[in-house]
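The values are calculated or read from the model by the stated rules, or taken from the named source; none is laboratory data. Note that this is a predicted model, so its numbers are computed, not measured. Note that we place each Cβ from the backbone using ideal geometry, even for glycine, and neighbour counts take in every protein chain shown. When the accessible area is computed, the model is the full protein with side chains, heavy atoms only, and any ligands, DNA or RNA have been set aside. Shrake-Rupley method; radii C 1.70, N 1.55, O 1.52, S 1.80 Å.
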Amino acid sequence: MTEENNNRLHAADLTIEEKARLLSGMGSWHTWDAGGRLPTVSMSDGPHGLRVQAEGSGLANHNSRQATCFPTAAALACSWDPSAAERMAAALSEEAAEQGVNILLGCGVNIKRSPLCGRNFEYFSEDPLLAGRLAAAYLRALEESGTGTSLKHYACNSRETRRMTTNSVVDERALREIYLAAFETAVKEGRPATVMAAYNLVNGQHACANRRLLTEILRQEWGYEGLILSDWGAAVEPVRCLRAGLDLAMPDSCGVHTAAIRKGLESGRVTREELDKAAERVLNFIYTHSEKRAKPRFNPADHSRLARALAAESAVLLKHGEVLPLRTGERILAVGELAVNTRFQGSGSSHICTGPVRSPFNALGGAGCRVDYLTGYRCADPKPDPLLEQEVLAAAPLYDKILVFLGLTDMDETEGADRPHLRLAENQLSLLRQLKPFGSKIAVICFGGAPVELPFAEDVSDILQMYLGGEAVGEACADLLTGAANPCGKLAETWPLRWEDVPCRGFSDAEGETDLFAESVFVGYRYYETFGVPVRYPFGHGLSYTSFAYGNLSAERTGLHSARVRFTVKNTGDRAGAEIAQLYVAPPKGAIPRPALELRGFEKVWLAPGEEKEITLPLEERSFSLWDAERGRFVVTPGEYTVYAAASAEDLRLRVSLTLEGEEVSGPAWFEEPAQPGQAPVFSRQGLAKLFPYQLPVLNRAGEGRSYTAADSFESVCAASAPGRLLQKGLTGVLPLFVKGGRKSTEYAMLRSGLNETPLESLAGLSGGLLKPQWLEGLLKLANRRNKE
Ligand code: BGC
C-alpha cells in the first residue's frame, strides 16, 4: 500500500454531515474537498474541445480558456471512423492534461430522434450501432491516456426545449434496441469513469432518480463500476436519487442537497448503509481521478492540423455534378455570409473559445483560387434583401462557377432549445430561387449541426455538407472544394424531405411536459425504409470524386447465431478515396413488426485508384435479435435473414441470405398500417399504450388547483403567484447583463430557458448561490397558498 493509500479517508472517517456533503459538488466543476482533507477532481466540458471555465467566472458558457475546437460529434460521426474519434480524443486528452482537467464531460451518445433537437450537433447518430462504436472509441482513447470521461446524457434526452421537466415515455423494446443500446456499447467497450444521468424523466421518473436505469440496467446488467453523476442541476429529489443509485449531484447545491439527505436520514427514507455506499464510491472516484496531471508537450498547431484533417474526413458530398472539384484557373464567385462568417460549432456548454478561425472564402484564396465574394444574404436578418440578391444575379453570368454558402446560423442551434422548423432562413432560400437559372454551375456548401430541408436540391449541380466541422472547417472546406482532399463522409442520420415526414412529429404536448415515443423502434431510417417514405438523402449516403464497386459477397455461419461476412470493395475511378461499406440485416417476416433493415456492421476502406480490398465483418447474436418484452431479453427469431453489403441504407449493392433457428416472439401491432402502400403508418398515443404494462401519464400537468413541488420548473411555480410573476419578470430582465452579446445572443436564450425551465430545487446551485434556497422555498409556499385559497 502506498503512503497516499494509507492516508486516504474512507466513509467511516467522515461524519454523517460530511458524507452527505460529499455527495454534491464544490463550486461548478469540482468535487468537495472536505475542508482541505480531500484532493479534488476537476471537471470540464467537452466533447469536441475543452471548455475550461474558472470557478466563479460567471454564468455565461462562452467565457472559457482558449482551446482547440475539433469537429462536433454530428460532423465526426459522418467519418464512420472510430480511429478518427480516437485521434481526436488523444489530442483532447493532451489539452486536458495541460489544463489540469481530470474529467472531460463527454461524449454524448443520445439518439437523434428528431432532426429539430437543438443539441443534435453534440450527438452522433440516429443509429445506436454507429453512435455506440464511435463513442466507445472516443471514451477508450481518453481513458487510456489518463483523462476520465463522462458518457452523457443517460437516457432518452432527445429534445432540448423543456429538457429539465419533460417526461420521455418510451416502451421497453425501443429503450433496449434504440435508446439504451448506444449507451450499452459505450459503457461496456469505452469504460467511462463517469456516466452522467440526464435532466428529463424516463417513464415518469427523473433519470437521476430512476433506479431501473441507474442500478438495475447500468450497474447490474451491464456491470458498470464507475461513478454515476447528475447532469448539472438534474438531481432533483436528492433522497430518491441517492436511493436509485446516483452517486454525485453536480454542481454545488448551496446546501440544498446535503440538507435533503440529512432529513432523509432522520426520517428513515435513507439508511446509513446507502449513504456510506455512495460516499465510499465518491471517495474512490476522488482518489482514482484527482491526481495532479503532468504537463504534456504538444504543439497547438498539430491539433489544428488534426482538426482540419478530421473536418475534411467528416464532410459529406450529398450531390455530385459538374462543379466540384474546382479546376485551376476557373473564375469563382463565393456567395453568402457563411462564406466569410464561418459556422463551426454550436452554442451551449460545449462552446469552445478558439484562436482566429479562417473562413472558407479566405482559405480558398489561400489555396490559389481566383475567387470573389458577394454577401447575398445576411445571417442576422432572415428577410431577403433584394439589393444583395440583385448584386449576385448581376455578377453570376461573369463567373465559371458559383459557390453558395448556406446553413443554419448561430441562433438556430443551441443547447436548451429545439429548432421550431426544418427550414433554412427565408433569405437563403430566396437567393437560391433567384439563382435557379444558373443552377448547372452552382455548388451549395452547407453548414449546420443537423439536417435541413433542401427544396433546391434538384436545381443545383453539387451539394457539400460540412456540418459543424470545428475551427479548421474553412480550410477543410477549401481542401475538398479544390480536390486536395476527396470527400469520404457518409450521413449518420437521414435527411428527410420535409418535417411532415419525420416519424416523431406531433407527439409532444404543447407544454412539452410529455414526449411520447409512439413510433417506438421506428426511428430514423428504420422508419423511412420500412414504410417507403421518400427522403432527400438516406442514412449512410455520401459520394466521392471517385467511384466504388462491391463484389464477392459471402456469409459463413460461425455459430448458432453468428456469421462471418466477406465482400470486396474496389476503387473504380481515377482518384484515391475512401468508401464506407455498410452491412445491413433484414429480418424474416414474423409476428412482430420489425424495421425492414438495420445496420449491423461497417468499415471504412482507403483505396488507391484501381485498388481492391476484402472486408470481413462479423455478425453476432445481437445482429439478428430483437428485444422480447415478455421474456425480458434479446431473442433471435427463426427464419431467413437477408444480409446486404451496401453503400447506404438505400443503395443496397449485394445480398446473401442466412437461415437461423430461434424463438418466436409476438407482440401487439401498436400502429395503424397505412391505408395504401407508400403512405406512412399512423402512430398514436393509443397505439403506444398497447406497448405499456401501465397507464400512460396524463398530458399537461399544468393547471388550476394542483400543488407544486420543488421539482416543478421556476416558470410554472412563478406563474402561480403575483410576486412570483414579478420576480420572474425582474430576473429575466437582468439576465442580458450576464452575457456578452446581450438579448440577441444564443447565450441569453439559453440562460433564459435555463432559468425558466429549471426545477426550483436546482436553481440555487445552478445560479452559483445568487438565488437563495430560502427565497425559492418562499416562492413555492406562495404558489401553493394561492392554490388552497
Ligand atoms: C449540460 C451538460 C454539461 C453540463 C455542465 C449541462 O447543462 O447538459 O452536457 O456537461 O451542463 O456544463
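Quick notes
- Amide H to amide H, with H built 1.01 Å from N, Asn552 comes under 5 Å of Thr568, counting only residues 5 or more places away or on other chains.
- For the chain, the residue among Phe438, Val665, Gly733 whose Cα projects farthest onto the positive side of the dipole built from Cβ charges is Gly733.
- Ranking Leu779, Ala711, Leu688 by how far each Cα lies toward the positive end of the dipole of the stretch 658-789 (charges on Cβ) leaves Leu779 at the top.
- Gyration tensor analysis over the Cα atoms of the stretch 163-205 returns equivalent ellipsoid semi-axes of 21, 15, 6 Å (largest first, whole Å).
- Considering only alpha-carbon pairs that sit under 8 angstrom and 6 or more positions apart, the relative contact order computed for the chain is 14 percent.
- Taking the DSSP beta bridges with both ends in the chain, the antiparallel portion is around 60 percent.
- Pairs with C-alpha atoms separated by more than 29 Å, drawn from the list Lys436/Lys490; Lys383/Lys740; Lys441/Lys490; Lys188/Lys690; Lys152/Lys604; Lys401/Lys490, are Lys188/Lys690.
- Charge dipole of the stretch 25-137 (Cα centre as origin; +1 on each Lys and Arg Cβ, -1 on each Asp and Glu Cβ, all else neutral): 220 debye, rounded to the nearest 20.
- Per-residue ³J(HN,Hα) for the stretch 187-203, Karplus 6.51 cos²θ - 1.76 cosθ + 1.60, θ = phi - 60°, Hz, x for Gly and Pro: 5, 6, 9, x, 6, x, 4, 9, 10, 9, 7, 7, 6, 6, 8, 10, 6
- Net charge, Tyr694 excluded, C-beta distance under 14 Å - Lys, Arg +1, Asp, Glu -1: 0
- Computed over the stretch 522-646, the convex hull of the alpha-carbon atoms projects to a mean area of 8.5 nm².
- Using R0 = 60 Å, the C-beta based FRET efficiency linking Lys589 and Ser707 works out to 0.70.
- Alpha-carbon Rg with Dmax, taken over the stretch 639-696, Å: 16.8, 45
- Charge tally around Leu92: other residues with Cβ under 12 Å, Lys/Arg +1 each, Asp/Glu -1 each, net -4.
- Among residues other than Glu529 with Cβ under 15 Å from its Cβ, the summed charge is -3 (Lys and Arg +1, Asp and Glu -1).
- Total charge dipole magnitude, the stretch 102-150, about the Cα centre, Cβ charges on Lys, Arg, Asp, Glu only, Debye to nearest 20: 140 debye
- Derived scalar couplings between HN and Hα for the stretch 763-772 equal 5, 4, x, 5, 8, x, x, 5, 9, 7 Hz in order, rounded to whole Hz, by the Karplus curve 6.51 cos²θ - 1.76 cosθ + 1.60 (θ = phi - 60°), x for Gly and Pro.
- Once the Cα gyration tensor of the stretch 623-734 is diagonalised, semi-axes √(5λ) in Å: 49, 20, 16
- Short-range pairs are left out: with C-alpha atoms under 8 Å and at least six residues apart, the relative contact order of the stretch 434-530 is 21 percent.
- In terms of accessible area, using a 1.4 Å probe and ignoring ligands and nucleic acids, Lys772, Lys263 rank largest first as Lys263, Lys772.
- Split the accessible area of the chain by element, probe 1.4 Å, and carbon with sulfur accounts for 50%.
- Residues whose amide H comes within less than 5 Å of that of Cys353, counting only those at least five positions distant or on another chain, are Ser64, Ala67 (H built at 1.01 Å from N in the peptide plane).
- Most to least packed among 773-780, 331-338, 622-629 [average Cβ atoms within 10 Å]: 331-338, 622-629, 773-780
- Remark: the chain carries a charge dipole of roughly 1040 debye about the Cα centre, counting +1 on each Lys and Arg Cβ and -1 on each Asp and Glu Cβ.
- Length gained when the stretch Glu777-Arg433 is fully extended (0.36 nm per residue, less Cα-Cα span): 118.3 nm
- Heavy atoms of Arg564 accessible to a 1.4 Å probe, total area in Å² rounded to 10: 90 Å²
- Computed from phi, the 3J(HN,Hα) profile of the stretch 283-291 under the Karplus parametrisation 6.51, -1.76, 1.60 (θ = phi - 60°) reads 4, 4, 4, 5, 5, 7, 10, 9, 4 Hz, with x in place of Gly and Pro.
- In plain terms, the chain from Ala484 to Asp276 could stretch by 69.0 nm, reckoned as 0.36 nm per residue minus the Cα-Cα distance.
- Taking the charge dipole of the chain about its Cα centre, with +1 at Lys and Arg Cβ atoms and -1 at Asp and Glu Cβ atoms, the residue from Val502, Ala629, Ser762 reaching farthest to the positive side is Ser762.
- Taking label points 7 Å from Cα along the Cα-to-Cβ direction, Glu661 and Glu621 give a separation of 1.5 nm.
- The heavy atoms of Leu760 present about 10 square angstrom of accessible area, all protein chains included, probe 1.4 Å.
- Amide H within-cut-off set for Val202, under 5 Å, with H built and near neighbours excluded: Ser168, Ala207
- Per residue, the chain exposes an accessible area of 37 Å² to a 1.4 Å probe, with every protein chain left in place.
- Förster radius 35 Å - calculated FRET efficiency between Glu225 and Arg269 (Cβ-Cβ, nearest 0.05): 0.85
- Across the stretch 319-378, the relative contact order, built from alpha-carbon pairs under 8 Å that are at least six residues apart, equals 51 percent.
- You can think of it this way: the chain between Glu144 and Ala576 has 152.2 nm of extra reach, that is 0.36 nm per residue less the Cα-Cα gap.
- Averaging 1/r across all pairs of distinct Cα atoms in the stretch 470-549 and inverting the result yields a Kirkwood radius of 15.4 Å.
- Alpha-carbon Rg/Rh ratio, for the chain, with Rh computed the Kirkwood way: 0.96
- Pairwise label distance in nanometres, Thr15 with Glu640, each label 7 Å out on the Cα-Cβ vector: 7.5 nm
- Gap separating the Cα centres of the stretch 535-572 and the stretch 140-215, nearest whole Å: 31 Å
- Residue-averaged [θ]222 nm for the chain, counting only DSSP H segments that reach four residues, each worth -39500 (n - 2.57): -8000 deg cm²/dmol
- For His541, the accessible area of its heavy atoms, probed at 1.4 Å with every protein chain present, is near 30 square angstrom.
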